[in-house]
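In what follows, a single structure is set out as structure tokens and then discussed.
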Amino acid sequence: MYSSDFLVIGSGLASLVFALRAADEGPVTIVTKRQPFDGNTGYAQGGIAAPLGGDADFESHVQDTLSAGAGLCDEAAVRSILADGPAAVARLDAAGVPFSRDGDGSFALGREGGHTHRRILHVKDHTGRAIQEQLLSAVRAHPRIQLLADHCAVDLIVEGREESDVEKRRCVGAYVLDSRSRKIEPYGARVTFLATGGTGKVYRYTSNSDIATGDGIAMAYRAGCRVQNLEFVQFHPTCLYHPDAKDFLISEAVRGEGAFLTTLEGDRLEIPHPMGDLAPRDIVARAIDRAMKRQGARSVLLHMEELGASRVRERFPTIYETCLRYAIDITREPIPVVPAAHYQCGGVLTDLAGRTDLRGLLAAGEVSCTGLHGANRLASNSLLEATVMGARAATTAIEVRGEVGAVPELEPWDSGSAELPRETVLIDAHWDLVRTMMWEFVGIVRTDHRLGLAARYLEIFRNSIEAYYWDFVLDQDLIELRNLALVAELIIQSARARKESRGLHYNEDHPETDAVALPTVVSPLEPAQAAVGAPGNGSHRA
Ligand code: FAD
Ligand code: SIN
């Protein structure tokens, strides 16, 4: 049996920040299901938002976050996380992240949707990659951190799983598939840290990396943790529309520098918000959706031609070069763009120290729901949240390690009478079925009828996927498909429970917004459906 003090699942920003701090106190094992760079962190373009300009800037960042969150943010979480922003950014700077600077040496600050001021630090247009490079090299050099690529966590190991009271359960590690040897082994740990990222792959069109299949949400839910606000899936307004481009984003930062949207005919897009092209994402994505449906168009156009060729090449080199590979010269011609699933605002419910409902299990980053994002995340607040909460969770983990007993001897994985799949084509077909159905029925604009159909179809898909899961020898594809389908079901359940429209959740049958904003909580231990209004970030323990 493998064993360490701290088991970290994932190798994105939340993971790396956690690991570097926890390793000061004990051995850390990181398992990551593909290569260490694979994940949404490496895709982040726009930057990391932080209130660096004193009290007034802090207050306006708080207000912009609350306003984008459409009344559903937990204000205490917003204030607490943003207050740690300047120190978090200073740590990244000290770690060697080469943030872009103005001529006088101060940080160059960008702007994105929903921000009333410039406050986004960036490394040109490849901020996430630059941050991950620095932190990964520190992790690789650390003698107490073991980093295992191609290791996919299958499920959490829960002592006392038979207890109906989650307080009596304890997470003692995870079963992990080594994709090269195809063996599943128990990895024991006093503290397990979930940093598995988001859920974009639940949808047919997404800006996300292939890893974003919601594994952490699914594993935590199966282990007894509550999940919150999963109906709030953020669709980024501007992903490249090109038959050969899979998941390439055109950063909102380009609109922060003056780019704008038009229909295919060249008319400025009607965006019903005083901030126009820089309105929060839910509003811009719906405006694009409406314009495309009205005109039967497959995309709208994003214009950067007026920003100046040399400025575009210097500030947005990745976007420039990538579009050029698809024969689009963005200094001369507009970019065809469409909205795509981008960010999961909900997740595993945690407190502000990273604790989940389950003792021994902590979570941070996109997998978690702290209350910061509410019904719509403000742009560039997620790298900030992952940095702040990854560090806090490490501090909590060090405390928890001292409180819990040794890891018990763990049972080997039981593969029962599983066989090699006879028809892998069926597994591929179910991937497509779930993702297409979610895009068509649980997308930017929802109705009760479509959500009801989605629930019915998903029940059928889930039943067959569960049968494959138990009958066939597991590989990563099947593990991910099972998680994807469970997360899709939880999103639908949450969306059906919300009988109003708010932020990213727009239902034509309930277009009004309730006076009181309440979170949606789904508890695996109370199978009586999602409840809107159950306590939000209440009591937790690790
Ligand atoms: P990730 O970086 O996604 O890492 C998750 C890790 O978990 C990966 O290593 C993955 O392989 C691993 N993993 C998953 N499941 C398993 C499993 N079962 N077993 C083992 N390992 C597993 N946010 C901003 O604030 N600013 C931006 O400019 C910005 N731009 C973005 C641009 C794009 C195109 C995208 C997609 C997102 C962007 N975001 C941005 C959002 C932000 O990048 C993410 O929310 C953030 O990086 C998430 O970090 P994370 O550590 O939680 O997860
Ligand atoms: C972008 O650069 O437009 C993405 C920023 C984010 O998702 O926070």
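The values are calculated or read from the model by the stated rules, or taken from the named source; none is laboratory data. Owing to the predicted nature of the structure, the values given are computational and were not obtained by experimental measurement. Glycine gets a Cβ as well: all are built from the backbone with ideal geometry, and neighbour counts include every protein chain shown. Quick note on the areas: whole protein, heavy atoms, side chains included, nothing else; ligands and nucleic acids left out. Shrake-Rupley method; radii C 1.70, N 1.55, O 1.52, S 1.80 Å.
Hydrodynamic estimate: the Kirkwood radius of segment 107-251 over Cα pairs, inserted into Stokes-Einstein at 37 °C and 0.692 mPa s, corresponds to D of 175 µm²/s. Think of a 1.4 Å ball rolled over the protein heavy atoms: segment 137-244 then has 33 Å² of accessible area per residue.
Can you list which of the DSSP-assigned H helices in the chain have a Cα extent of 20 Å or more along the long axis and an average Kyte-Doolittle score of at least 0.5?
Working: long enough: 54-68 (21 Å, -0.60); 127-141 (22 Å, 0.02); 281-295 (21 Å, -0.79); 381-403 (32 Å, 0.20); 424-441 (26 Å, 0.42); 448-471 (35 Å, -0.48); 476-497 (32 Å, 0.60).
The answer, listed by residue number, is 476-497.
Charged neighbours of LYS124, selected by a Cβ distance under 13 Å, balance to +1 (K, R count +1; D, E count -1).
Beyond 43 Å, what percent of the Cα pairs of the chain remain? Mind showing how you got there, number by number?
On the way: 18179 of 146611 pairs.
For the chain, the fraction of Cα-Cα distances above 43 Å is 12 percent.
Under a straight-distance cross-link criterion of Cα-Cα below 25 Å, which lysines are reachable from LYS499, leaving out those fewer than 8 residues away in the same chain? Candidates past the 8-residue exclusion: LYS293. Peptides 442-449, 98-105 ranked from most to least packed give 442-449, 98-105, packing being the mean of other C-beta atoms within 10 angstrom over each peptide's residues. Relative contact order for the chain: 21 percent, from Cα pairs under 8 Å spaced at least 6 residues apart, divided by residue count.
Extension gain, LEU525 to LYS246: 0.36 nm times the residue separation minus the Cα-Cα distance gives 96.6 nm. Of the trypsin sites (Lys or Arg not before Pro) in segment 322-384, the ones in a loop by DSSP (not H, G, I, E or B) with at most 16 other beta carbons within 10 Å are ARG332. With a cut-off of 14 Å on the backbone N, the residues of segment 238-252 near the modelled label site 7 Å out from TYR326 along Cα-Cβ are 238-251. Using a Debye calculation, one point per C-alpha and no hydration shell, please list log10 I(q)/I(0) for segment 254-367 at q = 0.10, 0.15, 0.16 Å⁻¹ in order. Taken in order of the listed q values, log10 I(q)/I(0) reads -0.44, -0.76, -0.82. Exposure check, 1.4 Å probe, all protein chains in place: HIS303 carries approximately 30 Å² of accessible surface. With a cut-off of 17 Å on the backbone N, the residues of segment 489-508 near the modelled label site 7 Å out from HIS449 along Cα-Cβ are 507-508. When +1 charges are put on Lys and Arg Cβ atoms and -1 charges on Asp and Glu Cβ atoms, the dipole computed for the chain relative to its Cα centre reaches about 360 debye. Based on C-alpha pairs under 8 angstrom that are at least 6 apart in sequence, segment 226-352 has a relative contact order of 42 percent. Take the Cα of ASP165, step 7 Å toward its Cβ, do the same at ALA418, and the gap between the two points is 3.4 nm. For a straight C-alpha distance cut-off of 18 angstrom, the lysines reachable from LYS33 (same-chain residues fewer than eight places away being disregarded) are LYS183, LYS201. Put LYS183, LYS33 in order of accessible area, highest first, and with a 1.4 Å probe you get LYS183, LYS33. The Cβ shell under 12 Å around ASP514 holds other residues with a net charge of +1, Lys and Arg each +1, Asp and Glu each -1. Full extension of the chain between ALA138 and ARG298 yields a length gain of 53.2 nm, computed as 0.36 nm times the residue separation minus the alpha carbon distance. Over the chain, dividing the summed -39,500 (n - 2.57) contributions of all DSSP H runs of at least 4 residues by the number of residues returns a 222 nm mean residue ellipticity of -11000 deg cm²/dmol. Testing the spin-label approximation: label points 7 Å from Cα along Cα→Cβ at ASP509 and GLU270. State their distance in nm. A separation of 2.7 nm, rounded to one decimal place. For segment 437-524, the set of GluC sites (Glu not before Pro) satisfying both a DSSP loop assignment and a count of at most 14 other C-beta atoms within 10 Å is given as GLU508, GLU512. Applying 1/(1 + (r/R0)^6) with r as the Cβ-Cβ distance of ASP102 and ARG182 and R0 = 56 angstrom yields a FRET efficiency of 0.60.
Taking 7 Å along the Cα-to-C-beta vector as the label spot, tell me the GLU403-THR262 distance in nanometres, rounded to one decimal. The two pseudo-label positions are separated by 6.0 nm.
From the alpha carbon centroid of segment 228-256 to that of segment 415-482 is 24 Å. Centroid-to-centroid, using Cα positions, segment 117-159 and segment 13-31 are 10 Å apart.
Carbon and sulfur atoms: what percent of the 1.4 Å accessible area of the chain do they account for?
Reported share for carbon and sulfur atoms: 49 percent.
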